[in-house]
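Colleague: Structure provided below as structure tokens; questions to follow.
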Amino acid sequence: NWALEKELLKSYAIHHRNSNIISDNLIEKIHKSAQFNQGFMTTELLAAALVDLDIHSLEKFDDLDLATFEHNALYKKRGMISEIEPRYRLPYFAHIFAGGYSSGYYFYTWAEVLDKDAFAAFVETGDTFNRNTAKAFRKLLSSGGKRDGMTLYREFRGGEPSRIPLLKARGLWNEPEPKPEEQPTE
């Protein structure tokens with residue numbers, strides 16, 4: 001998050017030949033390019049997580065046809081469009097069957113929710129390098145394993161994590177327009 005902040009970029013993104021500092025225009029392009037194709041990528045990732053949860057929710061595996069199960073879970077149950085193919089097919093989605101990830105593929109998205117929400121704590125101060133917020137964040141990170149992680153996180157943020165910072169980072173959230181009664185009067 002911090003590496004692409006304008007203030008930090010201008011401290012290290014310097015042309016190797018002429019020593020020009022990166023322009024605001026190029027920084028804006030970098031930020032916009034990070035949002036490219038995020039609708040597709042988000043749908044693909046969440047679809048894989050949902051199929052993972054679906055297959056680990058089964059109680060009977062007798063005569064299970066993986067192709068039919070996958071098709072029903074994605075296209076019939078969830079209404080996914082055919083243009084978005086699954087990230088992984090169940091016959092080779094080893095990630096969800098080995099290595100401790102069983103029914104846990106959604107963790108990737110959940111971790112990103114926490115990542116972007118934690119960074120939002122800095123943004124909300126008006127200074128992404130705010131020392132007080134950094135101390136509180138360090139306390140959260142250094143306390144890992146000593147107490148329940150979500151309790152620690154709620155203490156850091158003062159409430160539940162929000163998915164909105166992640167959606168904003170991916171370019172999938174627009175601020176709602178103020179209602180007429182909320183608009184300032186002249």
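The values are calculated or read from the model by the stated rules, or taken from the named source; none is laboratory data. What you see is a predicted model; the values in this text were computed from it and never measured. Neighbour counts run over all protein chains shown; Cβ positions are idealised from the backbone, glycine included. Accessible surface is based on the protein model in full, side chains and every heavy atom, while ligands, DNA and RNA are left aside. Shrake-Rupley method; radii C 1.70, N 1.55, O 1.52, S 1.80 Å.
Colleague: With all protein chains present, how much of the accessible area of the range 1-141 (probe radius 1.4 Å) comes from carbon and sulfur, to the nearest whole percent?
Modeller: In the range 1-141, the share of accessible area belonging to carbon and sulfur is 56 percent.
Colleague: Quick one: check the C-alpha center-to-center distance for the range 60-110 versus the range 1-44, whole angstrom.
Modeller: Rounded to whole Å, the Cα centres lie 34 Å apart.
Colleague: Search the structure for amide H atoms under 5 Å from the amide H of residue 87, placed 1.01 Å from N in the peptide plane, and list their residues when 5 or more places away or on another chain.
Modeller: So residue 87 has HN proximity to 48.
Colleague: With a 1.4 Å probe and all protein chains left in place, how much accessible area per residue does the chain have, in Å²?
Modeller: Result: 70 Å² of accessible area for each residue.
Colleague: What's the angle, to the nearest 10 degrees (0 to 90), between helix 38-57's Cα axis and the longest principal axis of the chain?
Modeller: 40 degrees
Colleague: Near residue 29, which aspartates and glutamates are there with a Cα under 14 Å away, not counting those fewer than 8 places off in the same chain?
Modeller: Correct list for residue 29: 5.
Colleague: Let me ask you something else. Please give the length that would be gained between residue 106 and residue 56 if that part of the chain were fully extended, namely 0.36 nm times their separation in residues minus their C-alpha to C-alpha distance (nm, one decimal).
Modeller: Answer, rounded to one decimal: 16.7 nm.
Colleague: R0 = 22 Å: FRET efficiency of residue 84 with residue 173, Cβ-based, nearest 0.05?
Modeller: 0.65
Colleague: For a 30 Å ceiling on Cα separation, which of these pairs sit above it: 32/76; 116/179; 76/179; 32/77?
Modeller: 32/76; 76/179; 32/77
Colleague: Compute a Gaussian network model of the chain, connecting alpha carbons closer than 10 Å, and tell me which residue from 141, 172, 50 fluctuates the most.
Modeller: 141
Colleague: Here's a follow-up. Grab the DSSP H runs of the chain that are 4 residues or longer, score each as -39,500 (n - 2.57), total them, divide by all residues and round the 222 nm result to the nearest 500 deg cm²/dmol.
Modeller: Rounded to the nearest 500, it is -14500 deg cm²/dmol.
Colleague: Next up: R0 = 35 Å: FRET efficiency of residue 132 with residue 69, Cβ-based, nearest 0.05?
Modeller: My answer for the efficiency is 0.10.
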